[in-house]
Amino acid sequence: MVIHQQILKSAGAIIKKYQPKEKIFTKGDSAQYYFQIVSGSVKMNNYDESGREYIQIF
């Protein structure tokens, strides 16, 4: 579900641009914010005990 940017801004939201490969959050972070992708894509992944990467969504 996409929430219109005007509604988000009226509730105090800010638009933040991230650079490629920049981490937005990591495992264990508490959920304090709502993120909505305006353009581009996000890779969500985790690693097992041996370091093998598992991609959840891309």
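The values are calculated or read from the model by the stated rules, or taken from the named source; none is laboratory data. Small disclaimer: the values here were computed from a predicted structure and weren't measured. We place every Cβ from the backbone using ideal geometry, glycine too, and count neighbours over all the protein chains shown.
Can LYS27 be described as at pLDDT 90 or above, charged (D, E, K, R) and either out of contact with any Asp or Glu (no Cβ under 6 Å at 6 or more places or on another chain) or not in a loop (DSSP other than H, G, I, E, B) (or both)? For LYS27, the condition - at pLDDT 90 or above, charged (D, E, K, R) and either out of contact with any Asp or Glu (no Cβ under 6 Å at 6 or more places or on another chain) or not in a loop (DSSP other than H, G, I, E, B) (or both) - is not met.
Residues in segment 9-36 that are among the hydrophobic types (A, V, I, L, M, F, W, C) and exposed (fewer than 10 other Cβ atoms within 10 Å of the Cβ) were compared, and the one that is farthest from the chain's Cα centre (by Cα) is ALA11. Checked against (1) in contact with a strand residue (DSSP E or B) (Cβ under 8 Å, 6 or more places away or on another chain); (2) exposed (fewer than 10 other Cβ atoms within 10 Å of the Cβ); (3) part of a loop (DSSP other than H, G, I, E, B), VAL42 passes all but a single condition, namely (2).
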